[in-house]
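Visitor: Please read through the structure below; I'll follow up with questions.
The values are calculated or read from the model by the stated rules, or taken from the named source; none is laboratory data. Computed from a prediction, not measured in an experiment: that's the story for all the values here. Positions of Cβ are backbone-derived with ideal geometry, glycine not excepted, and every protein chain shown enters the neighbour counts. Each accessible area value is taken on the protein alone, full model and side chains, heavy atoms only, with ligands, DNA and RNA left out. Shrake-Rupley method; radii C 1.70, N 1.55, O 1.52, S 1.80 Å.
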Amino acid sequence: MKTPKRLASFDELVSAVVESGNCSGCGLCTIIDPGLAMELNEEGFNRPVRRLPISPKYDERASNEFRASCPGSLVMRPPQREVASKDSALGGAVSSWQAWAVDPQVRFQGSSGGVLTAIAAWLLESGRATRLLGAAADTGSPRRTVPVELHRNADYLSQSGSRYAPVSVLSAKSALSPATVVVGKPCEASGLRQLMRYRDAESLPVILSFFCAGVPSQFATDRLLAELGIPPESPLRSLRYRGHGWPGEFHAETVEGLEGSASYDESWGRQLGPSMQWRCKVCPDGVGESADIVAGDYWKTDAKGYPIFTDSSGVSALIARTKRGHDIVLEALGAGVIHAEPLELKDISAIQPYQVERRATLLARLAGRRLAGWDVPRYKGFGLMQQTFKNPIRSLRYAYGSYRRSKAQRASQ
């Protein structure tokens, strides 16, 4: 008689995701088990660390929830029942727009037309939600990015703008409340929606997200500051990655008044982007398909379709993924909070070459990683096989590159 195979414990499941490089640092596992906390590891990324023991009686339930929701283990494309249009790279939409905040200050300080800030603030001020959960600079140490919870009459502008650094928005339990507006990365949106679906939650928080290229290491921010002449021991008064124009500059100021700046192209292209964690390189959904509403830059492009990073007034590509999100956009438009004009998904896809190529080559990169002996997440419903065979030669090239890098990583351990 065969001995039944022992099921992995919760801690073993979490460790397997982290050790395989598949952890996105979203913080969802700390909601499932509050005995975990998110902390920076030796590479500068947020990872779960055991702080309090887990109850043996809770272990099995926590393990099942983790398997069903952790975006480092599983990402499922949401049901497409409500969508009116679809795109192979951008997913489905109930409606899609080009949009920006009507308030000129919100539009100026926001990373991409300020539209998410405008919608989130309106949801709170109109009483449609009681709190906003997102990410912002740590007020005590602006080099770091932390989850923040805002309520009515808060200073929304001080919390606006992108943060190209590790942050675990889902480490806040208020993310589960239907009275919350959650502004998070696409992996946080998918993890939250999957957990709530697994728990059969009757009501979900409003989920807002943004087009995401990946999470850079915290140490990349530190290196960029050093390049700009701001040493590690200098306390900062402020640090922003974008905003104050579009796309805006990386800008830091010390408490002594020393300042340093770098263009978006320089900061992202030279320091931040190259330090991206592995999980982001195999992300199936950088465009927030699990959100109610998602926004991204609606760039001007050159003749080859690549973005031109010249300063101008911010414009967002805005996609309502759900009927709920569509209704919020229409109400915000009617309230004069945002300006929005209809836009087809193919027009958005045309100015997002990175997202298009990442989705089209994902299965090849996963195959190369798997052949090199690494575990990879499971992705369901994204049509990756069909996209892979549209350009088989390119797919083979990506698979080999992924295999070679993953093999070298395995050998170095």
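Visitor: Quick one: is Arg81 basic (Lys, Arg) and in contact (Cβ under 8 Å) with a residue 12 or more places away in the chain?
Guide: No: the conditions fail for Arg81.
Visitor: Can you tell me which residue is modelled with the lowest pLDDT among those in region 1-37 that are among the charged types (D, E, K, R), open to solvent by 40 Å² or more (accessible area, probe 1.4 Å) and not in a helix (DSSP H, G or I)?
Guide: Looking at the filtered set, the residue picked out is Lys2.
Visitor: Gly114 fails exactly one of the following numbered conditions: (1) modelled with pLDDT of 95 or more; (2) open to solvent by less than 10 Å² (accessible area, probe 1.4 Å). What is the number of that condition?
Guide: (1)
Visitor: Looking only at strands (runs of 3 or more DSSP E) that fall completely inside region 62-180, which ones have 3 or more residues that are among the polar types (S, T, N, Q)?
Guide: Those strands (runs of 3 or more DSSP E) span 95-101.
Visitor: While we're looking at this one, here's another question. Looking at (1) of a type in the set (Ser, Thr, Tyr); (2) surrounded by 21 or more Cβ atoms within 10 Å (Cβ to Cβ); (3) touching a Leu at 6+ places or on another chain (Cβ under 8 Å), find the lone condition where Ser85 falls short.
Guide: Result: Ser85 passes all but (2).
Visitor: May I pose another question? Here's a check for you: in region 51-80, which residue that is charged (D, E, K, R) and over 24 Å from the mean Cα position of the chain (by Cα) is surrounded by the most Cβ atoms within 10 Å (Cβ to Cβ)? Outline the logic, then answer.
Guide: Start the filter on region 51-80 by keeping residues that are charged (D, E, K, R), which leaves 51, 57, 59-61, 65, 67, 77.
Retained after the next criterion (residues that are over 24 Å from the mean Cα position of the chain (by Cα)): 51, 57, 59-61.
Working: Arg51: 11, Lys57: 7, Asp59: 16, Glu60: 12, Arg61: 13.
Filtering region 51-80 for residues that are charged (D, E, K, R) and over 24 Å from the mean Cα position of the chain (by Cα), the one surrounded by the most Cβ atoms within 10 Å (Cβ to Cβ) comes out as Asp59.
Visitor: Here's something else I'd like to know. For region 132-180, which residues satisfy the criterion of being crowded, with 19+ Cβ neighbours inside 10 Å, within 19 Å of Met196 (Cα to Cα) and of a type outside the set (A, V, I, L, M)?
Guide: Gly134, Ser168, Ser171, Thr180
Visitor: Between Asp327, Asp347, which is under 30 Å from Ala262 (Cα atoms) and either free of Cβ contacts under 8 Å to residues at least 40 places away in the same chain or assigned by the TED database to the domain that holds Asp292 (or both)?
Guide: Asp347
Visitor: For residues in region 201-227 being hydroxyl-bearing (Ser, Thr, Tyr) and at pLDDT 95 or above, which is farthest from Gln355 (Cα to Cα)?
Guide: Thr221
Visitor: Hey, among the residues in region 356-377 that are touching a Ser or Thr at 6+ places or on another chain (Cβ under 8 Å) and of a type in the set (Lys, Arg), which one's nearest to Ala16 (Cα to Cα)?
Guide: Across region 356-377, the extreme among qualifying residues is Arg369.
Visitor: Residues in region 72-88: is at least one at pLDDT 95 or above, under 30 Å from Val17 (Cβ atoms) and small (Gly, Ala, Ser)?
Guide: Yes, region 72-88 has at least one match.
Visitor: Just need a number here: residues in region 146-165 that are over 12 Å from Gly184 (Cα atoms) and under 13 Å from the mean Cα position of the chain (by Cα).
Guide: 2
Visitor: Against the condition exposed (fewer than 13 other Cβ atoms within 10 Å of the Cβ), under 25 Å from the mean Cα position of the chain (by Cα) and either within 22 Å of Val282 (Cα to Cα) or touching a residue at least 60 places away in the same chain (Cβ under 8 Å) (or both), how does Pro342 come out, does it pass?
Guide: Yes.
Visitor: Still on this structure: I need the full set of residues from region 329-339 which are in contact with a Phe, Trp or Tyr (Cβ under 9 Å, 6 or more places away or on another chain), of a type outside the set (Gly, Ala, Ser), outside any strand (DSSP E or B) and open to solvent by 20 Å² or more (accessible area, probe 1.4 Å), in order please. Talk me through it step by step, then tell me what you get.
Guide: Just the residues of region 329-339 that are in contact with a Phe, Trp or Tyr (Cβ under 9 Å, 6 or more places away or on another chain), to begin with: 329, 331-333, 335, 337-339.
After this cut, where a residue has to be of a type outside the set (Gly, Ala, Ser) as well, the list is 329, 331, 333, 337-339.
Then drop every residue that is not outside any strand (DSSP E or B), which leaves 329, 331, 333, 337.
Listed by number, the residues that qualify are Glu331, Leu333, Val337.
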